[in-house]
Amino acid sequence: MKDTQYKELTIKEFTKAAEVYDSGHAGIYEMCKDDYPPILEELKKDDFENLLDVGCGTGPMIELLASEMPGKSYTGVDLTPRMIEVANAKHLDNVQFVVGDAEDLPFDDGSFDVIICANSFHHYPHPQRFFNTAARVLRPGGKLVLRDYTSAAPIVWLMNHTEMPLANLIGHGDVAASTLDEVRTYCRSAGLAPITLESRKKFRLHLVARKPTQSEVEQDIQFGDVQETALVTLAIRASETARPDARIHDEKAAEIIAKLGVDVSKYDPFLSHEGVVARTIMFANALRLLIEQEPDAVCVNLGCGFDDKFIQVDNGRIEWFDVDLPDQIAVRRKVFSDRDRCTMLEGDALDGAWTAALPKGRANIIVMEGVLEYFTKEQTATCLHMLCDSFEHGWLLTEMNSPVMAKHSDKHDAIKNTNATFKWGTKSGEEFVALEPRLQLISERSYNEEMRKHTMRGKLFAATIGRNLNNRLALFAW
């Protein structure tokens, strides 16, 4: 159907519904009231002065809010004139109801502290237009609270290709439900930052998104700020975090990808996705074991990029340092802050001057994930010498690349989409020991160990072409 036909159906449907909407016998529309308590709960978290209810109907949610949170200004907008007539007949104080289109809200820029939208969003032919106009009429720092239908992508597909068309046949103006990934994209494109985005019971989408202030916009991270190799990891961790059965959770990666506002799908092919997930799990597990052995250790995430391992493994006692080159730390500070026992530090993996700032007399755990494969053999040797010179005793947990992949960066399913190249690879961690004899190789494990646990394609890759090609997690001591 055309956009106008959906809207005509919606007006026809809700012109009839307006006569029973407040009766307590509204049939299918009674379910709308299920969204009111969670919306009210969100609104009580922060103070506000004025609120807009999009798709307000006859105004039952605004009636509830005016009772629960008096002394504020409320506005309701709805596409159906009869709904607004019934709402205006209630003569509520500090409340106005107007006829208007949710995809082109008839209000000035920055008019509202909060916008709510309950069980109306699936009637909008152009969801992005709603998000764009909502962002426009929100003041900087304002919030959008949205409740609607959602589920896993296959179920949403079935809803949109069976339930929605059937609803149209009986005179309803339903258009489509959205997945969480689609809603995240709508937010990103409109310049809104999701605070909460999740699927709840009864197929309910629950979104709380915030419009950044001007100072936050000025400090916002930009696409050019992020190295493409970091984009690969960020895109994959954000994508995995969004899945209902996510194996890893990295909300900061999801936040960064949302702020970038660009399509990063080319950085998230299947094998790289599974490899990064496996790497994240294996690094975290290995770190936890080391920290159990050295509970008061000084931990250094060297070449940290946007990684946040601290939150994954903190035992309440370790002292953590995220170390990277000055330009990378400057960008990192746009999305991270120093925390108790977790400090960002400018430093070069080839020069140990920064190590003078670290606490002395404690065990040292050095983590280098996704770093050394971009070093030449000579640079790797310099880095290993620096670590052994700077720390009397320590552990190095690092990623190792194969020599075949080091020669064929252009064949890697994600790195080929960047300007980066692998510089050196090894068949065994003993090649690191040959570069720096003070090192002792403790263990070396292929990412295949984890990849084969989750998917058939991962299992086949680990058993065939990836058997000797996949990256490894190596632990050294000195």
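The values are calculated or read from the model by the stated rules, or taken from the named source; none is laboratory data. Worth saying up front: this structure is predicted, and the values here are computed from it rather than measured. For neighbour counting, all protein chains shown are included, and Cβ atoms are generated from backbone atoms with ideal geometry for every residue, glycine included. Keep in mind that these areas ignore ligands, DNA and RNA; they rest on the heavy atoms of the full protein, side chains included. Shrake-Rupley method; radii C 1.70, N 1.55, O 1.52, S 1.80 Å.
Can you tell me which residue within the range 416-432, out of those that are open to solvent by 60 Å² or more (accessible area, probe 1.4 Å) and not charged (D, E, K, R), is modelled with the highest pLDDT? Here the residue is Thr421. Among residues of the range 372-401 being outside any helix (DSSP H, G or I) and open to solvent by 20 Å² or more (accessible area, probe 1.4 Å), the one that is nearest to Ala230 (Cα to Cα) is Phe375. Taken together, the residues in the range 144-161 that are open to solvent by 10 Å² or more (accessible area, probe 1.4 Å) and in a helix (DSSP H, G or I) amount to 8. When restricted to residues that are charged (D, E, K, R), within 17 Å of Leu358 (Cβ to Cβ) and within 23 Å of the chain's Cα centre (by Cα), the range 310-323 contains 1. Which of the residues that make up the range 80-106 are in a loop (DSSP other than H, G, I, E, B) and open to solvent by 30 Å² or more (accessible area, probe 1.4 Å)? Ala89, Lys90, His91, Leu92, Asp93, Asn94, Pro106, listed by residue number. Within the range 363-391, being modelled with pLDDT of 90 or more, among the charged types (D, E, K, R) and over 16 Å from Leu325 (Cα atoms) holds for Lys377, Glu378, Asp389. When Val175 is tested against (1) within 21 Å of Ala242 (Cα to Cα); (2) outside any helix (DSSP H, G or I), exactly one condition is not met: (1). Here Gln312 meets the list (1) more than 16 Å from Leu397 (Cβ to Cβ); (2) open to solvent by 20 Å² or more (accessible area, probe 1.4 Å) almost entirely, failing just condition (1).
Among the conditions (1) closer than 22 Å to Phe130 by Cα; (2) open to solvent by 50 Å² or more (accessible area, probe 1.4 Å); (3) touching a residue at least 12 places away in the same chain (Cβ under 8 Å), the only one that Gln5 does not satisfy is (3). The criterion of being open to solvent by 70 Å² or more (accessible area, probe 1.4 Å) and either farther than 26 Å from Lys252 by Cβ or of a type outside the set (A, V, I, L, M, F, W, C) (or both) does not hold for Asn119.
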